[in-house]
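Every number in this text was worked out from the coordinates using simple rules, so none of it is lab data. The shown structure was predicted, so the numbers you read here are calculated from the model rather than taken from an experiment. All Cβ positions, even for glycine, are placed from backbone atoms using ideal geometry, and neighbour counts span all protein chains on display.
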């Protein structure tokens, strides 16, 4: 009893490691990784953005019509891409989750194909398909359905096609795992309680996959907000996203302070949208 | 031991000794040096002509990296972790790199510029590796003999020369092209009348279906007929033409500039970087390089080693050179940031 | 197969000649079943007996290859589950985790487009009925297993279904809670006058709950009858073994009153078994039937043996006896009768009267 009371100044020496510190150490590794490779660079970025004790970079980023317009455009495009990825990814994820292993494997290969192809090859492939002289336009022209080629590349449509192609897996994987987690018994129950096929989907199946929808859309949104090479190549130069401007400041104009300010504004905007989304869906996700 | 052999041994020892004396003047040979270039065909040709020759001559391996990236160069120099021994620098960036103190001084006792044009012989930091030009190119099946565009005014003339165009997604060259199209004489281009240039660009904007980003894209767009009229670096058109694409180059109003190489400040084995640049002055190698890729070197004797059939495709060919204008790098260096911003702003307008 | 033909009331649910094959396996090999209005009928069988398939055919999740299903006289064989209007309670409750308790219970009403105010009233009523008034705003995960079960029950009855189906609903509950819930279900079913079909593999549960029990085996109903009937007069050897504990003796009928065991020992038969001499039969003795024979007493059949094992089961004790010829017998006597007076190794004489036995064909 008396031994348990440690007198001030006579602290029991503690080893830095004990058998109980295992889990803490396990968590320490990724934390350290994040600290060194993410938080520290972000901190440096912040310092850089207010270099020389001036907020001029931020003022410019937040008031100059060009940067504000491009920022809004970036978020808008990210939103389009997110919605498209969800709309296309949901049925695809459903297919993967319910198909036989053979078809599921084939589906996964197709899904991951863009990861194994370089951006230039992908861009070229889309040119072959969607270009003025691409397969689709050739067909439409030859059959006389149109008299002039439909512009499907080098505009917003091209950018969306290219970005959705690359980002689809980021939507599909969380959706796939959410769909796999849905208890089929609940669907039978809903049906047994009087729900039609559509009602089963809308009231039970879909709400149960919402965590996957949130995870997938967050990933896609965050990634697309930072996209840079695809919009440049498939947008024909007309579609300008913030990352393109940041890249120009970093690589060409060497104005790193302003680039940092732009990056932080983009980061802030994306985080804002992300938390807004989370908040809007909070009541829907309380159960999970 | 026979006297003959003794004599030979003596000679060998003397030779070894002299090379030993020589070797004491130079830093030890590293195992490899790293040269950063813009990759693709350019890298393949650099390897075929210069890198392999360097390896053969000095027994030092050349490792190549790409792409050319001014931002990365600055990051390397600032962090003191310079991984490149030599790097290519884009024409527009060279002066900025020099002024930002990112470059090692050229050792002109090693690099012999005496065969180069006079105005280049006192270069301090930037090695004038070769010359390239942003030129007009067009499909010869769409614009056959007699109906070919001959000037930037023609490029702008969508009535006589209809069809989708492609231009680089940057203000560089395009402002000059617009002014030339608007009737400004080449010698009065600089300082650029920016407002006038953008007004002229407004006219062509909706006819440019693709604003290209990468060099590979520029020529491919013509090959695929995504565009029938465009701008590109001359070597890009040259290689497409070599592969049989129905494309012709119009040199009139071409935007000629040098493509530079330099040694980053604080580069390891900088001495061997100087040695490499010295090798790059070789007229014979420069001639060979131009034959393959269409970018001539600046050694005036190189033309003697260039295939006469290739010469018309080079921006330095006398017929071509007279039609082009030299880009004012100083003007661009001063105005690049503002012009880029204005360019993006202009792009956003509809 | 002995199917009880007598129905007290007009049947609410009728299954006629239902057959369902999966490949070469006959999950349902011709099922005829009628459930009377307000009756609680249990389908009891081991796993693989076809009871789950039968439930699915009735609920509409599975179509029979042949045969019909009628609910209140309406042929629903080809109706979708939603069209059938059957209230279902599932294994593991199948509560919708993303809906509150009230939303769960309101779900079938919503699907039937019941007006909102009316729905709210009925949800409140249903929750009160299962003692969960005031729990409406909670999420299922915030409830205990028993409470979740009661929500599932409320959800199944809130829309006045023509039939209540319960599919092994108590499997996940611990014993005490299970017994409590069994009584609650029965009380609710009685109070609402619901016709109910209950599927279980737990014979004890079936005996407690049911008005009648259909014992299924290999795609057929082996016996349909009241719990008492099924327990006291199992119609097949399978039923005798599956329901409750029993001693089974293989024997051959010698005459109207005697059969001979395999070891040649004669055993008395109850009257009117109707088996012809020479028939191979099983004599079923429920463990609570044999009595202890004190000196001077007698019985129709007496055996003397040694207690080889004693098991305490609450109110009673189970004894395993073995006679000198190796014949084994399980008996169960109330604790207060034998108490601790018998121990392992004790020698004891027991016997029963001919009427204590029940005979089925082997």
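How much mean residue ellipticity at 222 nm does the protein assembly as shown get from its helices, if each DSSP H run of length 4 or more adds -39500 (n - 2.57) and you divide by all residues, to the nearest 500 deg cm²/dmol?
On the way: 37 runs with 423 residues, N = 1000.
Theoretical 222 nm ellipticity from helices: -13000 deg cm²/dmol.
Scaled against 2.2 N^0.38 Å for its residue count N, the alpha carbon radius of gyration of chain B is 1.13.
Need one value for B:68-75: mean number of C-beta atoms belonging to other chains within 10 Å of its residues' C-beta atoms.
Working: counts 1, 3, 5, 10, 2, 2, 4, 3.
Partner-chain Cβ atoms within 10 Å, mean over residues of B:68-75: 4.
In the stretch C:178-294 the Cα-Cα distances spread across 5 Å bins starting at 0 as 2, 10, 17, 17, 16, 13, 9, 6, 5, 3, 1, 0 percent of all pairs. Shown for chain C is the translational diffusion coefficient from the Stokes-Einstein equation, using the Kirkwood radius over Cα pairs, a temperature of 37 °C and a viscosity of 0.692 mPa s: 143 µm²/s. Hey, what angle do you get for helix B:70-79 against the long axis of chain B, alpha-carbon based, 0 to 90 degrees rounded to 10? Orientation of helix B:70-79: about 40 degrees from the principal axis.
A Cα-only calculation for the stretch B:153-304 places Rg and Dmax at 18.4, 57 Å. Per-residue extension of 0.36 nm, minus the Cα-Cα distance of residue B:26 and residue B:142, leaves a gain of 35.9 nm for this segment.
Axis of helix C:145-157 versus longest Cα principal axis of chain C: the two differ by about 70°, to the nearest ten degrees. The mean number of partner chain beta-carbon atoms within 10 angstrom of a residue's beta-carbon across peptide C:55-66 is 1. Computed from label points 7 Å out along Cα-Cβ, the spacing between residue A:146 and residue C:336 is 9.4 nm.
With no solvent and one point per C-alpha, what does the Debye sum give as log10 I(q)/I(0) for the protein assembly as shown at q = 0.06, 0.07, 0.08, 0.10 Å⁻¹? Summing over Cα pairs of the protein assembly as shown leads to -0.72, -0.82, -0.93, -1.20.
May I ask you to list the residues of the stretch B:222-254 whose amide nitrogen lies under 17 Å from a point 7 Å from Cα along the Cα→beta-carbon direction of residue B:153? From the stretch B:222-254, the list is B:251-254. Ordering C:191, A:251, A:132 by the number of other Cβ atoms within 10 Å of each residue's own Cβ, fewest first, gives C:191, A:251, A:132.
Looking at the square roots a ≥ b ≥ c of the eigenvalues of the Cα gyration tensor of the stretch A:48-285, which shape do they give, rounded for a/c under 1.5, prolate if a/b is larger than b/c, or oblate? Don't skip to the answer; put the middle values down first.
On the way: a/c = 2.36, a/b = 1.31, b/c = 1.80.
It comes out oblate by the Cα gyration axes.
Helix B:270-279 against the longest principal axis of chain B: what's the angle in degrees, Cα atoms only, rounded to the nearest 10? Long axis of B:270-279 versus the principal axis of chain B: about 70 degrees.
A Förster radius of 25 Å combined with the Cβ-Cβ distance from residue C:302 to residue C:228 puts the calculated FRET efficiency at roughly 0.35.
Normalise the Cα radius of gyration of the stretch B:39-185 by 2.2 N^0.38 Å (N = residues in it) and let me know the number.
Values: Rg = 20.3 Å, N = 147, 2.2 N^0.38 = 14.7 Å.
Relative to the 2.2 N^0.38 Å estimate, the stretch B:39-185 comes out at 1.38.
Ranked by the mean number of other Cβ atoms within 10 Å per residue, highest first, peptides C:254-264, A:181-191 order as A:181-191, C:254-264.
Largest GNM mean-square fluctuation across A:118, A:224, A:177, computed for chain A with C-alpha springs under 10 Å, falls on A:118.
Model label sites at residue B:195 and residue C:202, defined 7 Å from Cα along the beta-carbon direction, differ in position by 9.1 nm. A Förster distance of 45 Å, applied to the separation of the beta-carbon atoms of residue C:137 and residue A:38, puts the FRET efficiency at 0.65. The mean number of Cβ atoms from other chains found within 10 Å of a Cβ in peptide C:92-102 is 5, as a whole number.
Once you sort the root eigenvalues of the Cα gyration tensor of the stretch C:245-361 as a ≥ b ≥ c, which label holds: rounded (a/c under 1.5), prolate (a/b larger than b/c) or oblate (the other case)? Verdict is prolate for the stretch C:245-361. For the stretch C:1-142, the share of alpha carbon pairs falling in successive 5 Å distance bins from zero is 2, 8, 15, 17, 16, 14, 12, 9, 5, 1, 0 percent. Using every pair of separate Cα atoms, the Kirkwood estimate puts the hydrodynamic radius of the stretch C:290-340 at 11.8 angstrom. Under the simplified labelling scheme, the residue C:80-residue A:277 pair shows an inter-label distance of 3.3 nm, with each label point 7 Å from Cα along Cα→Cβ.
At a Förster distance of 41 Å, what's the computed FRET efficiency of residue A:80 paired with residue B:326, Cβ-Cβ distance as r, to 0.05?
Details: r = 44 Å, r/R0 = 1.08.
For residue A:80 and residue B:326, the calculated efficiency is 0.40.
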